[in-house]
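The values are calculated or read from the model by the stated rules, or taken from the named source; none is laboratory data. Just so it is clear, the model here is predicted, and its values are computed rather than measured. With ideal geometry, Cβ positions are generated from the backbone for all residues, glycine too; neighbour counts draw on all protein chains shown. With ligands, DNA and RNA removed, areas are computed over all heavy atoms of the protein, side chains included. Shrake-Rupley method; radii C 1.70, N 1.55, O 1.52, S 1.80 Å.
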Amino acid sequence: MAKTNAILFSPRDGAIPDALRRWLSGLALPVLTVRTGDELMAVSLRGRPRVVVFDARTAAEQAFGALTRLKGDSYTGVVPCVVVTCEDDSAFAAAFSAGADEVMRESMQPAEATTRLEAMLRRSDRDLVVHPSTRLPGAVEIEAEISRRLGEGKLFATCYADLDHFKEFNDRYSYHEGDRVIRILAKILHDVVKGLCLDDGFVGHIGGDDFIFIIPVPSVNEACSEIVNVFDTLIPYQYSEQDRRAGYFFGKDRRGQLHRVPLMTVSIGVVTNERRHFTHAAQVSELATEMKSYAKTLPGSVFSIDRRQDASPLDAQGVAPRPDKLSATEGK
């Protein structure tokens, strides 16, 4: 894949305003000049650029056409795009209509231009790291949050929430209804975590029906218990009355055999740094995944807290106790 760069779309090779030129230089990225929409798409699809600047002062129709085309592709549509226009108000409006994220008139003062351009990049970065269906932070922000808390040296709990029997629900009720269930879970997690922990709580969406929330250790039991209870109260009403009353429905397994499918439940695996020393986020993620998998083996909606501790120096010499089973605490 091509390296990240900045692109200048300039059919007439005009000189861009000094403020914009200095801002591009400050990004410390190669600036590639292209002259046609085909060339722009070919470059952008090979490696998504950091930003694209369109010079629409002398070839507005060509620039707006290329901008609309770039924004119309699902891969390149997230690229922040700034348009340089003349002073005419109609050109200013047309640039935004074509899909511009920011529009820069030639007369714009350098300080204002820099402020607007930096804000454009921040908006773009924010939109890229949130999940589109729930607007919760995604995997990149989750890892960054775990790393931040590890760096601060504070005690915290990482909780991995996952739905049970979600695929069967999707198969019976459609992906549209499945998306609604995911949004319900996201709302429960957000409201409980933020309601109990305020700024000390973090909720992220890995994807699908997988979520991570990070909270102070003393809040684990209260937060997880409330999440489980609220979920079990609300989720039966996402089923038909017949399925809700029965408490199950008949679905087919991968071999086409009918079997009873219970109503959805939620499993939460919890990992803390009370008894363990983590050096990077991947260690936390791996253990949280293990605890989530363990929680899913238990019936109903539950949360399972890892109670194991790091090996002692004596253990490291090969005299470690042999655990017969996972040391954990389950709750509901």
Filter result for the condition that a residue is in contact with a helix residue (DSSP H, G or I) (Cβ under 7 Å, 6 or more places away or on another chain), more than 22 Å from residue 298 (Cβ to Cβ) and buried (at least 19 other Cβ atoms within 10 Å of the Cβ), over 202, 169, 213, 231: 202
Which residue pairs have Cβ atoms closer than 8 Å, lie 6 or more positions apart in sequence or on different chains, and pair a first residue in region 143-157 that is touching a residue at least 40 places away in the same chain (Cβ under 8 Å) with a second residue that is surrounded by 12 or more Cβ atoms within 10 Å (Cβ to Cβ) and of a type in the set (D, E, K, R)? 155/274; 156/149
Any idea how many residues of region 263-273 are over 13 Å from residue 149 (Cα atoms) and assigned to a loop (DSSP other than H, G, I, E, B)? 2
Of the residues in region 11-47, those that are hydroxyl-bearing (Ser, Thr, Tyr) and modelled with pLDDT under 90 number 0
So, in region 50-63, exactly how many residues are open to solvent by 10 Å² or more (accessible area, probe 1.4 Å), touching a residue at least 12 places away in the same chain (Cβ under 8 Å) and not hydrophobic (A, V, I, L, M, F, W, C)? 4
All but one of (1) open to solvent by 70 Å² or more (accessible area, probe 1.4 Å); (2) β-branched (Val, Ile, Thr); (3) in contact with a strand residue (DSSP E or B) (Cβ under 7 Å, 6 or more places away or on another chain) hold for residue 140; which doesn't? (3)
Looking at the structure I just gave you, is residue 17 within 23 Å of residue 113 (Cα to Cα), touching a helix residue (DSSP H, G or I) at 6+ places or on another chain (Cβ under 8 Å), of a type outside the set (Asp, Glu) and in contact (Cβ under 8 Å) with a residue 12 or more places away in the chain? yes
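So, in region 81-100, of the ones that are among the aliphatic types (A, V, I, L, M) and touching an Asp or Glu at 6+ places or on another chain (Cβ under 6 Å), which residue ends up surrounded by the most Cβ atoms within 10 Å (Cβ to Cβ)?
Looking at the filtered set, the residue picked out is 84.
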Identify the residue in region 102-124 that is charged (D, E, K, R) and open to solvent by 60 Å² or more (accessible area, probe 1.4 Å) and, among all such residues, is nearest to residue 70 (Cα to Cα). 123
Scan of region 294-332 for residues that are in contact with a Gly (Cβ under 7 Å, 6 or more places away or on another chain) and at pLDDT 95 or above, ordered by number: 294, 295, 302, 303, 304
Go through (1) open to solvent by 20 Å² or more (accessible area, probe 1.4 Å); (2) part of a helix (DSSP H, G or I) and name the single condition residue 15 misses. (2)
Within region 240-263, identify whether any single residue is open to solvent by 30 Å² or more (accessible area, probe 1.4 Å), touching a residue at least 24 places away in the same chain (Cβ under 8 Å) and touching a Ser or Thr at 6+ places or on another chain (Cβ under 7 Å), and answer yes or no. no
